[in-house]
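Notes follow the structure.
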């Protein structure tokens, strides 16, 4: 459980306005294809297998490349 967790539903611009009203500070978020338009402090994603690079058209093809690092 996260104490004092608050859920926000709205656009990122609305969130920025809400944060400015309530407190000074930046919005922290994780890097992800869906957060490219966010502004604030971007944290890198935690990769399960940073050694595996490239584009994979399915999770199965990605997981096959990861198998050698599990053993």
**Complete:** For residue 65, the lone unmet condition from (1) surrounded by 10 or more Cβ atoms within 10 Å (Cβ to Cβ); (2) free of Cβ contacts under 8 Å to residues at least 12 places away in the same chain; (3) part of a helix (DSSP H, G or I) is (2)
**Prompt:** Of all residues in the stretch 6-42, how many are touching a residue at least 12 places away in the same chain (Cβ under 8 Å) and over 23 Å from residue 69 (Cβ atoms)?
**Reply:** 13
**Hits in the stretch 37-62 - residues which are in a helix (DSSP H, G or I) and either surrounded by 10 or more Cβ atoms within 10 Å (Cβ to Cβ) or within 16 Å of the chain's Cα centre (by Cα) (or both)** = 61, 62
**Message:** Please go through the stretch 13-26 and give me each residue that is assigned to a helix (DSSP H, G or I), within 14 Å of residue 41 (Cβ to Cβ) and at pLDDT below 85, ordered by number.
**Reply:** 19
**Item:** Residue match in the stretch 27-36 (condition: at pLDDT below 90, more than 17 Å from the chain's Cα centre (by Cα) and exposed (fewer than 12 other Cβ atoms within 10 Å of the Cβ))
**Value:** no
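The values are calculated or read from the model by the stated rules, or taken from the named source; none is laboratory data. Note that this is a predicted model, so its numbers are computed, not measured. Note that we place each Cβ from the backbone using ideal geometry, even for glycine, and neighbour counts take in every protein chain shown.
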